[in-house]
Amino acid sequence: MRILAIATNTAREVIRDKVLYAILIIGTILIFSVRFIAPMSVGEELRLIRDFGLSIISIFGILVTLFIGTRLIYDEIQRKTIYTIIPKSVKRWEFILGKYLGVALALLFVTAFLSLGFLCYMVFFNLPITLNIFKAILLELIELMLLSAFAIFFSTFASPIGSGIFTFILYFIGHFTRDILMFGKLARSEFIEFIAAQIYYVLPNLSYFATRTEAVHDLDINSYYLSFSIAYGLFYIVIVLAIAVLIFQKKDL
Amino acid sequence: MTAIEISNLTKIYKSGFLQRKTRAVDNLNLEVEAGEIFGFLGPNGAGKTTTIKILTGLIFPSHGKALLFGEKVPDVSMMRKIGYLPEHPTFYSHLTGYELLDFYARIFGLTPGARLKRIHDLVERVGLASASDLRVSSYSKGMVQRLGIAQALINDPDLLIFDEPMEGLDPIGRKDVKDIILKLKKNGKTVFFSTHILPDIEAVCDRVGMLLGGRLVSIGSIDELLKETLETLAVTVRDISEEVIAKIAESADAVNRSETNVQFIFTDANFCDKTIDLVRKHGGKIISVIPHAKTLEEYFVKRVEEEK
């Protein structure tokens, strides 16, 4: 009950933020602006439209994650709003989990809103909608949820700017962990190989969630891959939130 | 039953690159009985808020322990019996007063019906009934303080911990808060509050604890604390000769003269009686005899200066 109350309040706070509306409106306008770009790619219009639409959903989802996730815990402490919550018999892990679920709800709302805009465009111009598009959007949402877990983790000890930078670096490295491992092996330095291996094994491999190419080119995203990626994302989310709780548990507020 | 039991409580903050240590609370021992109104007094930086934050589980002590109703802080089941108003409270500005109280009530698992009734009662009690549908961002400082008191009472707690509850309130608001505190006591609740508005403490507190430099320097009822200090008596007379004035002045602590009257200040009541006799004997007139008890404020200032 306490977690639910905190989660719904957090989601409400995000959804009532005027900046979010600006992000959603700009995102939707951009999705529809593909109408003017598509004719330039002769014979590739459908792929371009899909690629463009899914990219907009991804970029704006990351923007919202960085904008909201990174300042959530920090703001609670700085503005002292947490002072009237923790003394109300709320355990610290409940607070972190409630805040996280609130962000996840808000991300679900953002992704659903932009996806709806994208699908409306497809329906309006009579373009085929495949199941793969939904699978790609679902994996995109899992990636955003994982990033927001990291954002909350960083915000338990860093400022919003610091958390934002860390989360963005993590997003960037996360998409290249396999390349970093390969680079380490080619570097011919034990130290670099060791560091590259640590990055590969500790940081999440976000390329598991990058299925836009498959969705665009109608390549199969099979159920096994989908289930594995979701389980992989959820596993990391639990681990990251558990570490965030451990830090927050001993923090003087 | 003991509502608050603090034993050897110490809080050391470390700050800066060199981890410089600051002792905010220093070996504090304190007990507050259930049903008491206890005033926690001290200048800025004395350690009042730090102590309160330990009691409410927001920060952790470096040494010692704090028990509320016999349970170690922050025992979650015990914390359900606590209501807390922080210093300079801030609330979610995206919510209305009603929505905010509803959020807190949901944390305590109140049913929708119970929430509605409780919030309605509370907004009436703190004088926010007409503003409960407004966003908290539009509230004045006094309204935020009233909302803070309402949220502290949302779970009908047995122990209220208020950090500077009169802060930002006008005289009417302060009277309302004092009335709320007295009503809480009448209903068997324990109230522990910090303030630097001393007349408020004198008006409502059963006992007072004074904190200076993180240490408890005085504790007791207002009467007990002020008993340590001397009363003064101001005797105002007229129509007496300079010779008599000089004779009385030898025993007086101070002499104030106006065009027609002479006022003698005594800390010893015996000299006052002798003065009255002497004035009458020499045909003078007694205008007034005014006993002047030292206020808590004067006591407070004296103790602060002593500590310095």
Model label zone, A:ASP252; criterion: amide N under 17 Å from point 7 Å along Cα-to-beta-carbon; scope region B:43-81: B:45-66, B:74
- prompt: Straight-line reach from B:LYS281: which aspartates and glutamates have a Cα under 17 Å away, not including same-chain ones fewer than 8 places off?
  reply: B:ASP239, B:GLU242, B:GLU243, B:ASP273
message: Restricting to DSSP loop positions (anything but H, G, I, E, B) with no more than 12 other Cβ atoms inside 10 Å of their own Cβ, which GluC sites (Glu not before Pro) remain in region A:1-110?
response: A:GLU44
- line: Residues meeting the amide H criterion for B:ARG135 (H placed from the backbone, H to H distance under 5 Å, 5 or more places apart or on another chain) are none
statement: Binned at 10 Å starting from 0, the alpha-carbon pair-distance distribution of region A:1-65 in whole percents comes out as 19, 36, 24, 14, 6, 1
field: Net lengthening on full extension, A:PHE124/A:MET1 (0.36 nm per residue, minus Cα-Cα)
entry: 40.1 nm
Computed over chain B: relative contact order in percent, which uses C-alpha pairs under 8 Å that are six or more apart: 19 percent
- request: Measure of size requested: the Rg and Dmax of region B:230-296, with Cα atoms as the atom set and Å as the unit; please supply both.
  value: 11.2, 39
Computed helical MRE - 222 nm, the protein assembly as shown, DSSP H runs ≥ 4 contributing -39500 (n - 2.57), nearest 500: -17000 deg cm²/dmol
message: Sort B:267-273, A:146-152, B:37-43 by packing, meaning the average of other beta carbons within 10 Å per residue, with the highest value first.
response: A:146-152, B:37-43, B:267-273
message: Just to verify a number: FRET efficiency for B:ALA34 and A:PHE134, C-beta to C-beta distance, R0 = 51 Å, to 0.05?
response: 0.30
task: Using the Kyte-Doolittle scale, find the helices of chain A whose mean hydropathy is at least -0.5 and whose Cα atoms extend 15 Å or more along the helix's long axis, counting only whole DSSP H runs.
output: A:2-15, A:18-37, A:45-64, A:92-124, A:131-155, A:160-174, A:190-202, A:223-249
task: Of the options B:GLY16, B:ALA46, B:LEU160, report the single residue whose Cα projects farthest towards the positive end of the charge dipole of region B:2-221 (beta-carbon charges: Lys, Arg +1; Asp, Glu -1).
output: B:GLY16
message: For B:LEU182, A:LEU66, give me the order by solvent-accessible area with a 1.4 Å probe, most accessible first, ignoring ligands, DNA and RNA.
response: B:LEU182, A:LEU66
message: Just to confirm a number: summing +1 for Lys and Arg and -1 for Asp and Glu over residues other than B:GLY284 whose beta-carbon lies under 9 angstrom from that of B:GLY284, what do you get?
response: +3
- request: Quantify how strongly other chains surround peptide A:74-85 by giving the mean number of their Cβ atoms within 10 Å of each of its Cβ atoms.
  value: 5
query: ³J(HN,Hα) across region B:20-32 via Karplus (A = 6.51, B = -1.76, C = 1.60, θ = phi - 60°), whole Hz, x for Gly/Pro?
result: 5, 8, 10, 8, 7, 10, 10, 6, 7, 10, 7, 10, 10
- prompt: Taking the Cα centre of the protein assembly as shown as the origin, how large is its charge dipole in debye, to the nearest 20, when only Lys and Arg (+1) and Asp and Glu (-1) carry charge on their Cβ atoms?
  reply: 880 debye
task: Run a plain Debye calculation on region B:155-287 (Cα atoms as equal point scatterers, no solvent) and give log10 I(q)/I(0) at q = 0.15, 0.20 Å⁻¹, rounded to two decimals, same order as the q list.
output: -0.78, -1.05
message: Can you work out the Karplus-derived ³J(HN,Hα) for every residue in region A:212-222? Use 6.51 cos²θ - 1.76 cosθ + 1.60 with θ = phi - 60°, whole Hz, and x for glycine or proline.
response: 4, 4, 4, 5, 5, 9, 6, 8, 6, 10, 6
- prompt: What number comes out for the charge environment of B:GLU33, summing +1 per Lys or Arg and -1 per Asp or Glu over other residues with Cβ under 14 Å away?
  reply: -2
- line: Plugging the Cβ-Cβ distance of B:ASN27 and B:GLU306 into 1/(1 + (r/R0)^6) at R0 = 25 Å yields, to the nearest 0.05, a FRET efficiency of 0.85
- request: In whole Hz, with x marking every Gly and Pro, tabulate ³J(HN,Hα) for region B:173-184 from phi via Karplus 6.51 cos²θ - 1.76 cosθ + 1.60, θ = phi - 60°.
  value: x, 5, 5, 4, 5, 4, 4, 4, 4, 5, 5, 4
- prompt: Within chain A, what is the longest stretch that has no trypsin sites (Lys or Arg not before Pro) placed in a DSSP loop and near at most 15 other beta-carbon atoms within 10 Å?
  reply: A:80-187
- line: Charge dipole of the protein assembly as shown built from unit charges on the beta carbon (Lys, Arg +1; Asp, Glu -1), centred at mean Cα; most positive-end Cα among B:VAL32, A:LEU147, B:SER258 is A:LEU147
statement: Descending accessible area (1.4 Å probe), largest on the left, turns B:TYR139, A:TYR225 into A:TYR225, B:TYR139
- line: Expressed in nanometres to one decimal, the distance between label points 7 Å along Cα→Cβ at A:TRP93 and A:ASP179 is 3.8 nm
- prompt: So what is the relative contact order for region B:230-296, in percent, with contacts set as C-alpha pairs under 8 Å and at least six apart?
  reply: 51 percent
message: As an exercise, take the mean of 1/r over every pair of distinct alpha carbons in chain B, invert it, and state the Kirkwood radius in angstroms.
response: 22.3 Å
query: If you bin every alpha carbon distance in the protein assembly as shown into 10 Å steps from zero, what whole percent lands in each bin?
result: 3, 14, 19, 18, 15, 12, 8, 5, 3, 2, 1, 0, 0
message: On a 24 Å Cα-Cα criterion, which of the cross-link pairs B:LYS247/B:LYS285; A:LYS99/B:LYS72; B:LYS14/B:LYS302; A:LYS18/B:LYS53; A:LYS251/B:LYS141; B:LYS117/B:LYS189 come out too long?
response: A:LYS99/B:LYS72; B:LYS14/B:LYS302; A:LYS18/B:LYS53; A:LYS251/B:LYS141
- request: Report the local net charge at A:GLY233: Lys and Arg +1, Asp and Glu -1, summed over other residues whose C-beta lies under 12 Å from its C-beta.
  value: -2
task: Please report Rg over Rh for chain A, where both radii come from the alpha carbon positions and Rh follows the Kirkwood definition.
output: 1.01
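The values are calculated or read from the model by the stated rules, or taken from the named source; none is laboratory data. Please read all numbers here as calculations on a predicted model, not as lab measurements. Every residue, glycine as well, gets a Cβ built from its backbone with ideal geometry; the counts of neighbours run over all protein chains shown. Accessible surface areas use protein heavy atoms only, side chains included; no ligands, DNA or RNA. Shrake-Rupley method; radii C 1.70, N 1.55, O 1.52, S 1.80 Å.
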